[in-house]
Amino acid sequence: MAKLNMVQAINQALRLEMKRNDNIILLGEDVGVDGGVFRVTDGLLQEFGDQRVIDTPLAESVLIGASLGLGMYGFRPVVEIQFSGFIYPGFNQLISHVARLRNRTRGSLSCPIVVRSPYGGGIRALEHHSESMEALFAHIPGLKVVIPSSPSQAKGLLTSSMRDPDPVIFLEPLRLYRAIKEDVPDEDFAIPLGKAKIVQSGKDVTVISYGAMLWVTQKAIAQIGYKYGVELIDLQTIKPLDVETIIASVKKTGRCVIVHEAPRSFGVGAEIVSQINEKALYDLHAPVERVAGFDTIVPYYKNELKYIPSEERIIAAIEKVMEGI
Amino acid sequence: MPRKKIAEFSIDYLQVMDEGGVVDQSLMPNISDAQITEFYRYMVLGRVFDEKLFSLQRQGRIGTFPQAKGQEAANLGAIACLKKDDWLVPSYREYAGLLYRGVPLSRFILVFSGDERGNSHPETYRCLPYCIPIGSQLPHAVGIALGMKLKKEKNVALVFMGDGATSEGDFHEALNFAGVFKVPCIFVCQNNQYAISTPISKQTSSQTIAQKGIAYGIPSIKVDGNDIFAVYAAAQEAVSRAREGNGPSLIEAFTYRLCDHTTSDDSKKYRSQEEIAQWEVKNPIARLRKFLESKKIWTEAQEAKLLEECSIKIESAIKEAEDLGIPPLDHMFGYMYQEMDQQLNEQFHYSKKFEGK
Ligand SMILES: Cc1ncc(C[n+]2csc(CCOP(=O)(O)OP(=O)(O)O)c2C)c(N)n1
């Protein structure tokens, strides 16, 4: 057990799994010599050599497309896209091929690749470095989407992602990279994909979040926890969504608030509301609330924090579902 | 059924001024002393500005920003060939040239201090805002150039990229498209030999970047990018070709970034101090100064005065940018569409309730 931040925990997950499985190779821009711009892959080139940790040309389409080729050829590529805002040259490969390979070959070929990428806002970054576009990926049939909220969770979820038979988009909230340290077991361990985590139980209201927003949500709950029994759910995996855990909780509490940094409309929150509508509508005591980023471009950093959900906005939403105000 | 050579290509390399500031008169483009001095002034302004932004970043007064130290000739030399009605499409490492074009210093400070107002009214300077997604600006320049051609204007579009950008699909699509439609577009690659940590040898197996243009039927040349006269001469040729209706060109300006990739980078991870020192010697500003001094059109006193003027300009630009404060909240919502829709409007009103919290 050692106290690690998320960068270190991900590095450790990669290293342990590369030791366990010779077919895992890392590819990406600046992942080798530089150790990644956030140093997530630091030291791995030295340990595993340049046949397994590969600095590539600056080209996301071939990075993702070639990973499909490697994947069907017996390897398990783990691709780093330097920031999720730069995945789009490779989006065609994801949507047209990676997500479809298993289905169109009637199960003969598959695409066991992990695409890792830092994502989300809150670090005063330059344009294109702060967006939360998980819903785009979750909307593509055939992809799985995972977003960790803590170092040990990142380790366990990434380990599962690298063992998963299908393509996983693994989004790493860059705001959390170095913000928190926690005890992480030294040995490898896996947290199953598709399972949400109940962070705390409560009887009055279900609050659902994930990634960096989980921490803001927890701070908000700390302020009003004395008034209401809050059940906090951390999704961990966005897709497949753990509908069972969500519905069981909402049936118990009858109230729900969803918190995400991504734009409000057509997103993860909307999907959760639909699931609740289909499976627990008559258990609700109040309409479900979403606290989210706005349907705008994330502002440059002077105004960035006005975009990202704040504790105040989360508290207001919880009070609204509790008191109808 | 013979097998025969059906195409043959070669790439020229142009240097006009050597590292000691000595020029080959037979290659020297036609530029007045006054204009050369002006180039020098803006290269120095670019350099001083660069260093000032760096210290502002370290003080937390601006955010992450990419320096461009060492690349002043590579961008200014090309931009100096543009006329007022031409369009300039930058990447993000062209400060000296953009300042020469007339883009105010305060705009860069605003952008790098997280304020979109630094991007407004690009039409004033006919210069688009900087572009971060690598290579994605190249198609825009091609479209602008096609527009110029369709309108039967004599204008040109000039677009910048780094060496890393030549690996992106957008680069190849843009050059091919430009070649097919013979649009008046000049592609300038500032080959500073690194894409963050990735050296050019890992970026491409091509001997030059220039030859990639040949593949698309585009006249292409490699020049010493630390030699302002070589860059200027090649760009003049390319701009004239474009104005005369003879289509696009590619210029590879071979240079070196004498700084980290951005303020978040640490280049010690991937290159040696000796290598940097070797390139310091080829510094484009020092080289031009030697030339000016040898022609006796630049003195120590002028240099001191220039540095003082640069500081004054920069200080007043910083004040101007910092005095603007934080953009009002409606800016976040107001520029999404020409008219705000109902959803956005509701979100705007909701957000006002939480302002300052
Ligand atoms: C599409 C895309 N992928 C990755 C990045 C991250 N990134 C920013 S700058 C850079 C290197 C660019 O190198 P080059 O094109 O040579 O230009 P230079 O920075 O050297 O001027 C990378 C990989 C990006 N901005 N856009």
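The values are calculated or read from the model by the stated rules, or taken from the named source; none is laboratory data. Given the structure is predicted, the values throughout are model-derived calculations rather than measurements. Heads up, the Cβs are rebuilt from the backbone with ideal geometry, glycines too, and the neighbour counts pull from every protein chain shown. Ligands, DNA and RNA are excluded from the accessible area calculation, which covers all protein heavy atoms including side chains. Shrake-Rupley method; radii C 1.70, N 1.55, O 1.52, S 1.80 Å.
Determine if region A:65-80 includes at least one residue that is within 14 Å of chain B (Cβ to nearest Cβ) and touching a strand residue (DSSP E or B) at 6+ places or on another chain (Cβ under 9 Å).
At the first step, the residues of region A:65-80 found to be within 14 Å of chain B (Cβ to nearest Cβ) are A:65-66, A:80.
Subsequent filtering for residues that are touching a strand residue (DSSP E or B) at 6+ places or on another chain (Cβ under 9 Å) retains A:66, A:80.
Within region A:65-80, one or more residues are within 14 Å of chain B (Cβ to nearest Cβ) and touching a strand residue (DSSP E or B) at 6+ places or on another chain (Cβ under 9 Å).
Only one of (1) part of a helix (DSSP H, G or I); (2) touching a Ser or Thr at 6+ places or on another chain (Cβ under 6 Å); (3) surrounded by fewer than 24 Cβ atoms within 10 Å (Cβ to Cβ) is not met by B:A74, so which one is it?
(3)
Right, B:F333: at pLDDT 95 or above and touching a Gly at 6+ places or on another chain (Cβ under 7 Å) or not? Full working, then the answer.
On the way: at pLDDT 95 or above: yes; touching a Gly at 6+ places or on another chain (Cβ under 7 Å): no.
When the stated conditions are applied, B:F333 does not pass them.
Only residues that are within 20 Å of A:P165 (Cα to Cα), part of a loop (DSSP other than H, G, I, E, B) and within 20 Å of the chain's Cα centre (by Cα): list them for region A:82-110, please.
Scanning region A:82-110 gives a single hit, A:A99.
How many of the residues in region A:289-325 are at pLDDT 95 or above, part of a loop (DSSP other than H, G, I, E, B) and of a type in the set (A, V, I, L, M)?
3
Considering only residues of region B:133-155 that are more than 14 Å from chain A (Cβ to nearest Cβ) and touching a Cys at 6+ places or on another chain (Cβ under 6 Å), which is farthest from the ligand (Cβ to nearest atom)?
Taking region B:133-155 first, the residues more than 14 Å from chain A (Cβ to nearest Cβ) are B:140-155.
Cutting the leftovers down to touching a Cys at 6+ places or on another chain (Cβ under 6 Å) gives us B:141-142, B:145.
Values: B:A141: 15, B:V142: 18, B:A145: 21 Å.
If we take residues in region B:133-155 being more than 14 Å from chain A (Cβ to nearest Cβ) and touching a Cys at 6+ places or on another chain (Cβ under 6 Å), then B:A145 is farthest from the ligand (Cβ to nearest atom).
For region B:79-89, indicate whether the set of residues that are part of a loop (DSSP other than H, G, I, E, B) and within 14 Å of another protein chain (Cβ to nearest Cβ) is non-empty.
Here is the first cut: in region B:79-89, the residues part of a loop (DSSP other than H, G, I, E, B) are B:80-86.
If we keep only those that are within 14 Å of another protein chain (Cβ to nearest Cβ) as well, we get none.
No, region B:79-89 contains no residue that is part of a loop (DSSP other than H, G, I, E, B) and within 14 Å of another protein chain (Cβ to nearest Cβ).
Which condition number in (1) of a type in the set (D, E); (2) away from chain B (no Cβ under 12 Å); (3) touching a Ser or Thr at 6+ places or on another chain (Cβ under 7 Å) is the one that A:D55 fails?
It is condition (2) that A:D55 fails.
Taking the condition at negative phi, assigned to a helix (DSSP H, G or I) and in contact with a strand residue (DSSP E or B) (Cβ under 6 Å, 6 or more places away or on another chain), does A:T159 pass?
Values: at negative phi: yes; assigned to a helix (DSSP H, G or I): yes; in contact with a strand residue (DSSP E or B) (Cβ under 6 Å, 6 or more places away or on another chain): no.
So A:T159 does not fit the description; no.
Residues checked against (1) acidic (D, E); (2) open to solvent by less than 40 Å² (accessible area, probe 1.4 Å); (3) more than 16 Å from the ligand (Cβ to nearest atom):
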residue: B:S26; (1), (2), (3): no, no, yes
residue: B:G46; (1), (2), (3): no, yes, no
residue: B:L56; (1), (2), (3): no, yes, yes
residue: B:Q59; (1), (2), (3): no, no, yes
residue: B:T64; (1), (2), (3): no, yes, no
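Which residues, counting only those in region B:150-166, are touching a helix residue (DSSP H, G or I) at 6+ places or on another chain (Cβ under 7 Å) and surrounded by fewer than 22 Cβ atoms within 10 Å (Cβ to Cβ)? Give the derivation first.
Applying the first criterion (touching a helix residue (DSSP H, G or I) at 6+ places or on another chain (Cβ under 7 Å)) to region B:150-166 yields B:154-161, B:163-166.
Hits for region B:150-166 are B:K154, B:N155.
Every residue, every condition in (1) within 14 Å of chain B (Cβ to nearest Cβ); (2) among the charged types (D, E, K, R); (3) open to solvent by 30 Å² or more (accessible area, probe 1.4 Å), yes or no:
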site: A:L101; (1), (2), (3): no, no, no
site: A:I113; (1), (2), (3): no, no, no
site: A:S130; (1), (2), (3): yes, no, no
site: A:A138; (1), (2), (3): no, no, no
site: A:V145; (1), (2), (3): no, no, no
site: A:Y177; (1), (2), (3): yes, no, no
site: A:F189; (1), (2), (3): no, no, yes
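Pairs under 8 Å by beta carbon, first residue among the β-branched types (V, I, T) in region A:152-167, partner open to solvent by 10 Å² or more (accessible area, probe 1.4 Å), six or more apart or different chains?
Within 8 Å, the pairs are A:T159/A:L16; A:T159/A:D188; A:T159/A:F189; A:T159/A:A190; A:T159/A:I191.
Which strands (runs of 3 or more DSSP E) does region A:212-271 wholly contain that include 1 or more residues that are of a type in the set (S, T, Y), under 22 Å from A:L176 (Cα atoms) and open to solvent by less than 30 Å² (accessible area, probe 1.4 Å)? Spell out the reasoning first.
Numbers: elements: A:230-234, A:237-239, A:256-263.
Per the criteria, A:237-239.
If I ask for residues that are closer than 20 Å to B:Q193 by Cβ and assigned to a helix (DSSP H, G or I), which ones from region B:139-170 would you list?
B:G164, B:A165, B:T166, B:S167
Are any of the residues in region A:30-41 basic (K, R) and within 16 Å of the ligand (Cβ to nearest atom)?
Checking region A:30-41: at least one residue is basic (K, R) and within 16 Å of the ligand (Cβ to nearest atom).
Only one of B:Y125, B:Y130 is within 16 Å of the ligand (Cβ to nearest atom), open to solvent by 30 Å² or more (accessible area, probe 1.4 Å) and under 26 Å from B:R61 (Cβ atoms); which?
Numbers: B:Y125 fails: within 16 Å of the ligand (Cβ to nearest atom).
Sole residue among the options that is within 16 Å of the ligand (Cβ to nearest atom), open to solvent by 30 Å² or more (accessible area, probe 1.4 Å) and under 26 Å from B:R61 (Cβ atoms): B:Y130.
Residues checked against (1) within 12 Å of chain B (Cβ to nearest Cβ); (2) surrounded by fewer than 18 Cβ atoms within 10 Å (Cβ to Cβ); (3) among the charged types (D, E, K, R); (4) in a strand (DSSP E or B):
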| site | (1), (2), (3), (4) |
| --- | --- |
| A:D22 | no, yes, yes, no |
| A:L27 | no, no, no, yes |
| A:V31 | yes, no, no, no |
| A:D34 | yes, no, yes, no |
| A:R39 | yes, yes, yes, no |
| A:D50 | yes, yes, yes, no |
| A:V62 | yes, no, no, no |
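Does any residue of region A:278-288 turn out to be surrounded by 19 or more Cβ atoms within 10 Å (Cβ to Cβ) and assigned to a helix (DSSP H, G or I)?
The first filter runs over region A:278-288 and keeps only residues surrounded by 19 or more Cβ atoms within 10 Å (Cβ to Cβ), leaving A:280, A:288.
Then drop every residue that is not assigned to a helix (DSSP H, G or I), which leaves A:280.
Yes; the residues of region A:278-288 include at least one that is surrounded by 19 or more Cβ atoms within 10 Å (Cβ to Cβ) and assigned to a helix (DSSP H, G or I).
Please determine, by comparing only the residues of region B:156-172 that are more than 8 Å from the ligand (Cβ to nearest atom) and more than 8 Å from chain A (Cβ to nearest Cβ), which one is nearest to B:S136 (Cα to Cα).
Selected residue: B:F171.
Name the helices (runs of 4 or more DSSP H) wholly within region B:173-282 that hold at least 2 residues that are in the same structural domain as B:Q59 (by TED's automatic domain parsing), open to solvent by 20 Å² or more (accessible area, probe 1.4 Å) and within 14 Å of the ligand (Cβ to nearest atom)? Give the steps one after another, and end with the answer.
Details: elements: B:200-203, B:210-214, B:228-243, B:273-280.
Result: B:200-203.
Checking the conditions here, which among B:Y216, B:Y194 is touching a helix residue (DSSP H, G or I) at 6+ places or on another chain (Cβ under 9 Å) and away from every other protein chain (no Cβ under 13 Å)? Walk me through how you get there before you give the answer.
Working: B:Y194 fails: away from every other protein chain (no Cβ under 13 Å).
Answer to the selection: B:Y216.
Being surrounded by fewer than 22 Cβ atoms within 10 Å (Cβ to Cβ), without any contact (Cβ under 8 Å) to a residue 60 or more places away in the chain and away from chain A (no Cβ under 12 Å) is the filter; apply it to region B:104-122 and report the residue that is nearest to the ligand (Cβ to nearest atom).
Once the filter is applied, the top-ranked residue is B:P122.
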